[in-house]
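Okay, structure first, notes after.
The values are calculated or read from the model by the stated rules, or taken from the named source; none is laboratory data. All values reported here derive from a predicted model rather than from experimental measurement. Positions of Cβ are backbone-derived with ideal geometry, glycine not excepted, and every protein chain shown enters the neighbour counts.
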Amino acid sequence: MYILILYLLLLLMTEFMLLASKNIGGGLAAIGLAGAGAGIGTVFGSLLQAYSRNPSLKKELFIYALLGFALTEVIALFALMITFLILFA
C-alpha cells in the first residue's frame, strides 16, 4: 500500500516538475523577443542618423533599413516559435 502511495506521489512530482520546467524554459526563450525589439530600434535609429548625414542617399538607406528590419524580425519570429514549441509541444 505504501509503495503505491509513494509511486503516485513520485508521479505527481514528476508532472509538476515537467510543467514548471516548461514554463521556465518558455520564459527564457521569450527573452529573445526583447533583443529583437532593441535591434529594430537600433536599425531605424541608424537610418535616421545616416539620413541626416547624407540626405541624397535616402532611397538606398531605406532599402538597407528594411532589409535590416526584416532580418531582425526573423530572429524575433524564431524566438517566438521556439517559445511556443517549448510550451505546447
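Hey, among the residues in the stretch 11-62 that are charged (D, E, K, R) and closer than 26 Å to F84 by Cα, which one's modelled with the lowest pLDDT?
Step one: filter the stretch 11-62 for residues charged (D, E, K, R), giving 15, 22, 53, 58-60.
Next cut, closer than 26 Å to F84 by Cα only: 15, 22.
Details: E15: 87, K22: 92.
Going through the qualifying residues, I end up with E15.
Pick from E60, E73: which is touching a helix residue (DSSP H, G or I) at 6+ places or on another chain (Cβ under 9 Å) and on the phi < 0 side of the Ramachandran plot?
Values: E60 fails: touching a helix residue (DSSP H, G or I) at 6+ places or on another chain (Cβ under 9 Å).
It is E73.
Condition check: at pLDDT 90 or above and exposed (fewer than 15 other Cβ atoms within 10 Å of the Cβ). Does A89 satisfy that?
Details: at pLDDT 90 or above: no; exposed (fewer than 15 other Cβ atoms within 10 Å of the Cβ): yes.
The answer is no for A89.
Out of (1) in contact with a helix residue (DSSP H, G or I) (Cβ under 7 Å, 6 or more places away or on another chain); (2) surrounded by fewer than 11 Cβ atoms within 10 Å (Cβ to Cβ); (3) not charged (D, E, K, R), the odd one out for M1 is which?
Every listed condition holds for M1 apart from (1).
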